[in-house]
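Enquirer: Got a structure for you, written out below as structure tokens; questions coming shortly.
Quick note: the coordinates plus some simple rules give every number you see, no bench work behind them. No experiment lies behind these values; they were computed from the predicted model shown. Positions of Cβ are backbone-derived with ideal geometry, glycine not excepted, and every protein chain shown enters the neighbour counts.
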There are 2 protein chains.
Amino acid sequence: MVQPVAVTDPEDPRIEPYRAVRERDLVGREHRFVAEGEVVLRVLLRQERFAVESLLLAENRLEGLSDCLAALPSHVPVYTAGRAVMDAIVGFPIHRGILAIARREPLPSPDDLLSGLPEDALVLGLIGLANHDNVGGIFRNAAAFGADAVLLDDATCDPLYRKAIRVSVGGALLVPFTRAGTGQALVEALRRAGFEILALSPSGREPLGQVRRRGRTALLLGAEGPGLPASVLAETRTVTIPMSGGFDSLNVATTSGIALYELTRRESADSC
Amino acid sequence: MVQPVAVTDPEDPRIEPYRAVRERDLVGREHRFVAEGEVVLRVLLRQERFAVESLLLAENRLEGLSDCLAALPSHVPVYTAGRAVMDAIVGFPIHRGILAIARREPLPSPDDLLSGLPEDALVLGLIGLANHDNVGGIFRNAAAFGADAVLLDDATCDPLYRKAIRVSVGGALLVPFTRAGTGQALVEALRRAGFEILALSPSGREPLGQVRRRGRTALLLGAEGPGLPASVLAETRTVTIPMSGGFDSLNVATTSGIALYELTRRESADSC
């Protein structure tokens, strides 16, 4: 069982990666990311893709996490601090009192990621999604409905940003993802790997409920407002979610949930 | 066309309702609410339930809203201020530069609200939802899929809180709602009005996709984590959203979107 190391000096060099968390997360970290809160920590500890480097826990959270600490590899240091020291280290009040630093892995090429997927794989493609809440929400839904992978264009924000992981309740640590360049490059990578590509759009031609999955299927989502680029819509099957309210389009994370529900529901119904 | 009144003193008594917006919203206002941002303002101005009392606009937003101002009743004052004065009035940086004060209406009794609904009405019942993002997201979905009304138990937060309205992109101003007391009282009001009551729960007995709507239907949603009270689940048809990922349950706003999609989709399919 790992013995927690008490930290009393916010300048202690051992907890350097936890300093000024918010600012450093916003500029992006090369090789690490920060996980926050108990739910996310438990997902982090039970997955194998990302190695945990250390934990920083408020003293009053130790007891509730004793099972996690017991299972932790002995080389992973666990730091603990009083609430005031922890807030001073991090740079803002860290209400959850639970932080972890983990190591990013190099992202595979889209071709490598896609070629390893099953013949009935369901993949999401995110184009221009710059909002961490939405990206986190989409990863949560992707994990819930068992999507096989997520491709991100260059303009889509980092799923391993602290807030995105938190909103995903850890889904961002579970669903494989990679960068695929421009939206156009993302579409081409899917096509090379034999995916049928569905583009969700308020102006889509087919209602979602009439779509049948045949083999590998990808679902493209664009930002609220601008939506998917016209060039992408022009060369894909466009799909829409029928709405009776005559009101604004849906939030993109909710849209992903509805589409994943429909496409995985239909699959189970067909196999009856 | 209403002539904007320039405000240069943050202490100007005419803009009193805009002072310390955040703090006063959190304690709750008796007779008014605050709407924020262009999208919400446009919804506010085209609905008739809530009367607009005044607008406060940053000078640089006037031009883009000239069509709104042209359509505004002449008794509604429009105040305008430079960004610094506006921030000083409101108490924090108000990036959108657009605020409105509107009047709340007395809430009808649940019986009055429900009795006026059509024979195929679809109503949401929210029990214990204390998160403004979730309540806002649910109202957005309710508006998108044309739900007829929303009932709230005492523990569910205010849909007319500024942030909830914003997340709802104005849906909270469009879908009729009222308070119904405890969760139990909410269920009883639905029953008196002849509603079939579906309770969404990860442990629900029927998969959502197999539910057929017959007449008036209500969909109950509880908070993530605790879920709906056991007493409510014991006396209603419990429904679940099948998920293949073996992962955490869905966000409750996403859940509402999926359920509304399924229940309104099926209705249109049946009527073919």
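Enquirer: List the relative contact order of chain A as a percent without decimals, with contacts defined as Cα pairs under 8 Å and 6+ residues apart.
Expert: Value for chain A: 19 percent.
Enquirer: I've got another one for you. At q = 0.10, 0.13 Å⁻¹, what base-10 log of I(q)/I(0) does the Debye formula yield for chain A when every alpha carbon is treated as an equal point scatterer in vacuo?
Expert: -0.56, -0.85
Enquirer: For labels at B:Glu59 and B:Val5 in the simple 7 Å Cα→Cβ model, what's the distance in nm?
Expert: A separation of 1.9 nm, rounded to one decimal place.
Enquirer: So if I take the centroid of the Cα atoms in the stretch B:146-164 and the same for the stretch A:116-144, what is the distance between those two points in Å?
Expert: Taking the Cα centre of the stretch A:116-144 as reference, the centre of the stretch B:146-164 is 29 Å away.
Enquirer: How much mean residue ellipticity at 222 nm does chain A get from its helices, if each DSSP H run of length 4 or more adds -39500 (n - 2.57) and you divide by all residues, to the nearest 500 deg cm²/dmol?
Expert: -9500 deg cm²/dmol
Enquirer: With chain A treated as a Gaussian network of Cα nodes joined by springs under 10 Å, which of A:Asp158, A:Asp111, A:Asp12 yields the largest mean-square fluctuation?
Expert: Highest fluctuation among the options: A:Asp12.
Enquirer: Take the alpha-carbon centre of the stretch A:166-203, take the same for the stretch B:1-64, and report the distance between them in whole Å.
Expert: About 41 Å separates the Cα centre of the stretch A:166-203 from the one of the stretch B:1-64.
Enquirer: Rounded to two decimal places and with Rh computed the Kirkwood way over Cα pairs, what is Rg over Rh for the protein assembly as shown?
Expert: 0.98
Enquirer: What value in Å³ per residue do you get for the convex hull of the alpha-carbon atoms in the stretch A:33-99?
Expert: That works out to 84 Å³ per residue.
Enquirer: On to the next question. Between A:Pro110, A:Pro17, A:Pro159, where does the largest GNM mean-square fluctuation fall for chain A, given springs only between Cα atoms within less than 10 Å?
Expert: In this elastic network of chain A, the residue with the biggest mean-square fluctuation among A:Pro110, A:Pro17, A:Pro159 is A:Pro17.
Enquirer: Could you pull the Rg and Dmax for the stretch B:168-241, using just the Cα atoms, both in Å?
Expert: In Å, with Rg to one decimal and Dmax whole: 13.0, 35.
Enquirer: With a 10 Å cut-off between alpha carbons and a GNM built on chain A, which of A:Arg162, A:Arg205, A:Arg213 moves the most?
Expert: Evaluated over chain A, the most mobile residue of the options is A:Arg205.
Enquirer: Could you work out how far apart the two model spin labels at A:Asp154 and B:Glu16 are, taking each label as a point 7 Å from the Cα in the direction of the beta carbon, and quote it in nm?
Expert: 5.6 nm
Enquirer: Could you work out how far apart the two model spin labels at A:Val39 and B:Ala70 are, taking each label as a point 7 Å from the Cα in the direction of the beta carbon, and quote it in nm?
Expert: 4.7 nm
Enquirer: Using only alpha carbons, build the gyration tensor for the stretch B:1-140 and give me the equivalent ellipsoid semi-axes, biggest first, whole Å.
Expert: 30, 18, 14
Enquirer: Between beta-carbons, use under 10 Å as the cut-off and find the net charge around B:Leu198, counting Lys and Arg +1, Asp and Glu -1.
Expert: 0
Enquirer: Additional query: Please give the length that would be gained between B:Arg83 and B:Arg24 if that part of the chain were fully extended, namely 0.36 nm times their separation in residues minus their C-alpha to C-alpha distance (nm, one decimal).
Expert: Between B:Arg83 and B:Arg24, full extension yields 19.2 nm more.
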